[in-house]
Every structure is written in structure tokens, then in C-alpha cells.
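Heads up: the structure comes next, in C-alpha cells.
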Amino acid sequence: MEYKKMVDQAKMLALPKHIGVIMDGNGRWARKHHTTRINGHKRGAEAVREIVEASVEVGLDYLTVYAFSTENWRRSKQEVHGLLKLIINTLMQEIDELAANNIVVRFIGSKKGLSDDYHKRITENCQKSWKNNGLNLNVAMNYGGKQEIIEAVSSIVKDVETGKISSDDIDHDMLSDYLYTKSIPDPDLLIRTSGEFRLSNFLIWQAAYAELWFTETLWPDFNRTEFLQAILDYQKRQRRFGAT
Ligand code: FPP
């Protein structure tokens, strides 16, 4: 089906409110094209742009992309450095256009391991978009689901100790409010590219009831048509949230 028709069709039914994307396969794409891994990531960043555009076209509320995991620090020094640089450079290059398109950009993840200067630059750039009310683009950066839960539990314990909250009040909603994704609805649909079938520590609390969609396509080759295909497939599924 032609892309425009897919958009029209998707708009006729309830859209997922929030889509999470595990952008996998940049390294394999690079090997296939006899280029460096960092060039693979650069092509990956271009694919992000296309998916953000498609999200705006279809009218999505929340899109979260997994840019750098807490496990990615184990990669070579060169690749880690290249990825950190690519992520901040892409943000600085794109923020004005993103903001002009009514997009709200947020980074979610841990501060641990990132320099104060890096963190400050992220916040200063993202702030340019915070007056908007269109697509919410979340970049999971230095993100790990287990680390997120550890940081939440640690803050809850502190707040219990200082009497701000009582341990009797701890429930699902309270814990959710201590996560990086506070006030962001849980993802309805998770997409993972490159033929791997894992969550890899991505939104593990929030994705408890997410629909999962996988493709063999390597991330740099992922495009708006395939993104719409994932949405149309999602719309055919029946969600029961544990009920019969
Ligand atoms: C996984 O592929 C991809 C990453 C670890 C990095 C993804 C980052 C980007 C696409 C840049 C995004 C930038 C912004 C600002 C959102 P891989 O390296 O694990 O691939 P492989 O499994 O084939 O080796």
C-alpha cells in the first residue's frame, strides 16, 4: 500500500498513544556496507528523523527511541565517544526544526557517567521545545530499565526516611511516578529492528502490557512505510491486559 493511504487508514482507528523503538542493527548495516560502525550510527540517526516525521504525520502522541543504554558503556572507547558526540550533535542540529514543528523533546535516563557539562547541554537544548504541545519525543539516553527502578526505589526509601511519604502508600502508581517516565503513558507498542527478539532492558516496567513488533530490517534501512505497517498491525490486535 502507498504510504499516504497507510497514514489515512491508521488515522481511522485508535492509534497507539506511545510507541517505543529499539533501534538495532546499525553495526551490522555498517559491516554490510563496508563502513565504520559510527557511520552506521550516523545513518541510524537519519532514520530517526524519518520516523519522527512519520509520527507527526500520523498524529502520534509519544515516541521513545533507545539511543544509548547503560550497557553501551562496555563498547570500545572509540564507539562510546562517537555515539555520545553523535547524540549531542544531532540534538543541537535538529532542535530548532523539532521545536518549530511543535515537538517536545525530552531525554530520559541516568545522569551517572555523563559529565555535568554534557547533561547541561542536553537540558539547555531540550528546553527550547518545552513550550510545545505536539509529538512528545523521548530520547532514552544512558537508559537502563533496571537502573531506572533502582534509582526510583532509592528515592522512595529516602522519602520514607524523611517522612515525605509513608511506606504504606507504595503502590503501582507511586512507583511509576518515581521513574524517569513520570507523567508519560506506558508504551502500547514496542518496535525492534534487526531480527533480535529481546527487550534489552528497555522500558521493562512500562512495557508490561506493550504489544511487540519485530522486523528483520536493520535500523538504518527502517523507513516510514514500515513504521506505518507496525501501526496498522498493532491496530489489528486485540489487547486484553490480562483479562479473559
Ligand atoms: C544499536 O545498533 C544502536 C545503538 C546502540 C545506537 C543507536 C543510536 C542512534 C541511531 C543515534 C540516535 C541519535 C539520536 C539523537 C536519537 P548496534 O550498534 O547494536 O548494531 P549491531 O547489533 O548490528 O552491532
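In this view, the solvent-accessible surface of Ile165, computed with a 1.4 Å probe and all protein chains in place, comes to about 30 Å². Kirkwood radius for segment 135-190, taken over all pairs of different Cα atoms as the inverse mean of 1/r, rounds to 12.6 Å. Just so you know, the Rg over Rh for segment 1-82 is 1.07, from Cα atoms, with Rh as the Kirkwood radius. I need the shape label for segment 72-138. Rule: rounded when a/c is under 1.5, else prolate if a/b > b/c, else oblate, with a, b, c from the alpha carbon gyration tensor. Note, shape of segment 72-138 comes out prolate.
Using the rule -39500 (n - 2.57) for each DSSP H run of four or more residues, divided by the residues of the chain, the 222 nm mean residue ellipticity is -14500 deg cm²/dmol.
The listed residues Asp159, Asp116, Asp8 rank as Asp116, Asp8, Asp159 when sorted by accessible area, largest first, using a 1.4 Å probe. Note on Lys158: aspartates and glutamates with a C-alpha under 17 Å away, same-chain residues under 8 apart excluded, are Glu148, Asp168, Asp169, Asp171, Asp177.
For the listed residue pairs Lys42/Lys128; Lys32/Lys182; Lys77/Lys164, the alpha carbons are over 31 angstrom apart in Lys32/Lys182; Lys77/Lys164. In summary, the lysines within cross-link reach of Lys4, defined as a Cα separation below 21 angstrom excluding same-chain residues under 8 places away, comprise Lys17, Lys236. Distant-in-sequence amide contacts of Thr181, defined by a placed amide H-H separation under 5 Å and a gap of 5 or more residues or a different chain, comprise nothing. A convex hull fitted to the Cα coordinates of the chain yields 143 cubic angstrom per residue.
If the chain between Ala243 and Ile150 were fully stretched, how many nm would it gain, using 0.36 nm times the residue separation less the Cα-Cα distance?
Extra length from Ala243 to Ile150 when fully extended: 30.5 nm.
A simple spin-label model places the labels of Arg74 and Asp171 3.8 nm from each other, with each point 7 Å out along Cα-to-Cβ. Averaged over residues, the count of other Cβ atoms within 10 Å places the peptides 178-185, 166-173 in the sequence 178-185, 166-173, highest first.
The values are calculated or read from the model by the stated rules, or taken from the named source; none is laboratory data. The shown structure was predicted, so the numbers you read here are calculated from the model rather than taken from an experiment. Note that we place each Cβ from the backbone using ideal geometry, even for glycine, and neighbour counts take in every protein chain shown. Remember, those area values only see protein heavy atoms, side chains included, never the ligands or the DNA or RNA. Shrake-Rupley method; radii C 1.70, N 1.55, O 1.52, S 1.80 Å.
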